[in-house]
Amino acid sequence: MALTSTKPYVAVPRDLVENFNGKQIVYVCWDHHMLFATPLLLVVEPEMSFGDLLENVVKPLIGPDPDAAAVDLGSVEWQKAGRAWKPDLAASLAANGIVHKEQLRFRTPGVNSLLAAA
Amino acid sequence: MDMQVAKKKLSLKEKYKLLTRDLGWDTTYHTKDEVFPYVQYEGIKIHDWDKWEDPFRLTMDSYWKYQAEKERKFYAIIDAHAQNNGHLNITDARYLSALKIFLQAISPGEYAAGKGFARMGREFPGVGTQVACQMQSIDEIRHAQTQIHALSNYNKFYNGFHAFADARDRMWYCTLPRSFFDDALSAGPFEFMIAIGFSFEYVLTNLLFVPFMSGAAYNGDMATVTFGFSAQSDEARHMTLGLECIKFMLEQDPANLPIVQGWIDKWFWRGFRLLGVVGTMMDYMLPKRVMSWREAWNIYGVENGGALFRDLARYGIRPPKGWDDAEKGIDHMSHQFMLALYQYNFGTAFHSWIPSEDEMEWLSKKYPDTFDKYYRPRWAHLSKLKAAGTPFANMGLAKLCQTCQIPTVFTEPDDPTSLCQRETEYKGEKYHFCSDGCQHIFENEPEKYIQAWLPMQQLFQAPINGDLGAWMSWVSLIPGKDNGDFDGSEDERNFAAWRQQATSNQ
């Protein structure tokens, strides 16, 4: 049952992609880098190339992490919607199959200054 | 000559009977189902409403008398607090952040509960239930009022109190309590009673009120202690109502058990998420600490909650599904919340700060297995960034949970080095969650939660379209006054200056 209700009820989501003026939401998480309280919420054009997203959007935002300078975002391991995934840096987000509210995660094994104890 | 005849005095029992049972007439113009249209669709079966016992059997005249007496005492103390500059008796102006969060996030919840119980007083067919709900409704509105009045004294002197109503409607961290109450208010009457009357009032309220009111007392805030005392005797009545209601449902029909259990699972988890911020207040925001969140959980969660669910086991009720995940989060959540509040503090109408070395010692003693290992290194790095003149502000903004609407700051139950991330698809759209508990709630009623008003998403839609300055004026946040680090704030400066004037001849 989609809802306990007195009669059939159909809702409209409040954050459909058409509400974002041609942009979409992408979530990016740097696994085990817990300085960032949650995955980053990014609002970007789907035509942007994945390489651009990394260089111009993600890189400045992760700067405060002590490991940021040592990381080459072009060669990290990625997951998309929970599965291993290889991005095409030159292709757009749309061509990479990154839909609205997609969750991307990247890993940098062995590089983690703030969790040295773990 | 007329003889004066003494009026026959009614016994309390007779008065209560007149107030309740005699109001329960049978309708003739309309069927009972038309008069009470919302008591069937949730699937709860009730065979005899007269089995509902209101253990307090409070009558109107005694209710007014008690409440009026409490009001007189309350306002006398609030007046004295104002006239004697009671605001300068608090331990430190950092304490005010706890009050600001309370006013913006919790007091509107009291008002929402008032609306909810007013509705339930109309929708339940049993008159005992109707009267008890109506009285609780009046109580809740009174609590909202006394809290607003008590804290208005602080509003004369400090930032962040002035726009609590706008914050309630629009501020990102306030959508957490707001969505909690909206979820309950838009449910049927029985679910509302489990949500607010049982899970919130009975299972979790002690975790909110006891630490909060003791915190106020420890930190010299007599205004808050006073509204706490004024509300306390009402809370005992509310807790009993919640417990009576759940027992009534379970005793009326065995088919009610799985429905009630499902609601307990859901509302325990929603309530637990809601109260997480209390842990942050206890562990970080009280300059003079009362006890740690872990210690409070051990008493009010593990001991009291455990005893309650052992008692309910005879009805077939088991502890809420999220109980074990909750336990695993206790030693982490206050740190995770405070780190989040600090890095997003450009967008909060209260101050946050990096804990001092002394405070970190306290935290490491109270959380020997987690603080030094996971959280101290982050605070140390944040101190370094601040000292270098580049304090950390996370402009990536926060991913929110579709159900509880909290930034997804929590870690995997069994891996504190990894953020817990869950997602699902419904009708071709992706939805994200902070936990299994929140995902289960969504999947049980997706049509309800897909319409969630998630504040981060709204920030990037019309009319704000991603403009942070426009957002601040829309939420009535005055940048440079209401928000940011406590260190260097106007509240810090003013409190120090006024206290100096009050305690010296300079």
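The values are calculated or read from the model by the stated rules, or taken from the named source; none is laboratory data. It should be emphasised that the depicted structure is a prediction, and the values quoted were computed from it without experimental measurement. Backbone-built Cβ (ideal geometry, glycine too); neighbour counts: all protein chains shown. Just so you know, the surface numbers come from the protein's heavy atoms only, side chains and all, with ligands and any DNA or RNA stripped out. Shrake-Rupley method; radii C 1.70, N 1.55, O 1.52, S 1.80 Å.
Laid out as a table, the results:
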| quantity | calculated |
| --- | --- |
| Chain B: projected area of the alpha-carbon convex hull, averaged over directions, in nm² | 30.8 nm² |
| Among B:Gln500, B:Gln261, B:Ile478 - extreme Cα towards positive end, dipole of chain B, charges at beta-carbon | B:Gln500 |
| Test item: Cα-centred dipole of the protein assembly as shown, Lys/Arg +1 and Asp/Glu -1 on Cβ, debye | 1140 debye |
| Packing rank of B:388-395, A:59-66, B:117-124, B:98-105, where each peptide gets the mean count of other beta carbons within 10 Å, highest leading | B:98-105, B:117-124, A:59-66, B:388-395 |
| Candidate aspartates and glutamates for bridging to A:Lys101, where Cα separation is under 13 Å - those fewer than 8 sequence places away on the same chain excluded | A:Asp15, A:Glu18, A:Glu45, B:Glu423, B:Glu425, B:Glu429 |
| Solvent exposure, largest accessible area first (probe 1.4 Å, DNA, RNA and ligands not counted), of B:Lys45, B:Lys51 | B:Lys51, B:Lys45 |
| For the protein assembly as shown, accessible area per residue (1.4 Å probe, heavy atoms of protein chains only), Å² | 42 Å² |
| Exceeding the 31 Å Cα-Cα cut-off - candidates A:Lys59/B:Lys266; B:Lys32/B:Lys247; B:Lys70/B:Lys156 | A:Lys59/B:Lys266 |
| Top positive-direction residue, dipole computed over the protein assembly as shown with Cβ charges, set B:Phe161, B:Met456, A:Val76 | B:Phe161 |
| Cα-derived Rg over Rh, computed across segment B:113-244 with Rh taken as Kirkwood radius | 0.99 |
| Size of the B/A contact, given as accessible area buried on both chains, probe 1.4 Å, in Å² | 4300 Å² |
| Distance in nm between pseudo-label sites at B:Ala496 and B:Thr390 (7 Å out along the Cβ direction from Cα) | 2.7 nm |
| Fraction of alpha-carbon pairs over 19 Å apart in chain A - percent | 52 percent |
| Coil-residue trypsin sites (Lys or Arg not before Pro) of segment B:410-468, DSSP, other Cβ within 10 Å capped at 12 | B:Lys427 |
| Links that overshoot a 25 Å alpha carbon limit, given the list A:Lys7/B:Lys45; B:Lys9/B:Lys65; B:Lys328/B:Lys384; A:Lys7/B:Lys427 | B:Lys328/B:Lys384 |
| Globularity index of segment B:341-388, i.e. its alpha-carbon radius of gyration over 2.2 N^0.38 Å | 1.23 |
| DSSP bridge orientation in chain A - percent antiparallel, rounded to nearest 5 | 70 percent |
| Using a Förster distance of 41 Å, the FRET efficiency for B:Glu327-B:Arg119 (Cβ separation, nearest 0.05) | 0.75 |
| Other-chain or far-sequence residues with amide H under 5 Å of B:Cys420's (modelled H) | B:Phe410, B:Thr411, B:Glu412 |
| Within chain B, helix-based [θ] at 222 nm, where runs of 4 or more DSSP H residues each add -39,500 (n - 2.57), nearest 500 | -17000 deg cm²/dmol |
| For B:301-308, mean number of other protein chain Cβ atoms within 10 Å | 0 |
| Quotient of Cα Rg and 2.2 N^0.38 Å for the protein assembly as shown, N being how many residues it contains | 1.03 |
| Chain B - percent relative contact order, Cα under 8 Å, separation 6 or more | 17 percent |
| Exposure ranking of B:Asp92, B:Asp33, B:Asp169, B:Asp183 by accessible area [1.4 Å probe, largest first] | B:Asp33, B:Asp169, B:Asp92, B:Asp183 |
| B:Arg57 accessible area, 1.4 Å probe, all protein chains in place, Å² to nearest 10 | 110 Å² |
| Nonlocal amide H pairs with B:Ala163, under 5 Å, H built at 1.01 Å | none |
| Carbon and sulfur %, accessible surface of the protein assembly as shown computed with the full protein complex present, 1.4 Å | 54 percent |
| Estimated FRET transfer efficiency when R0 is 30 angstrom, pair B:Ser356-B:Asn304 (beta carbons, to 0.05) | 0.40 |
| Per-residue average of Cβ from other chains inside 10 Å of A:2-12 | 6 |
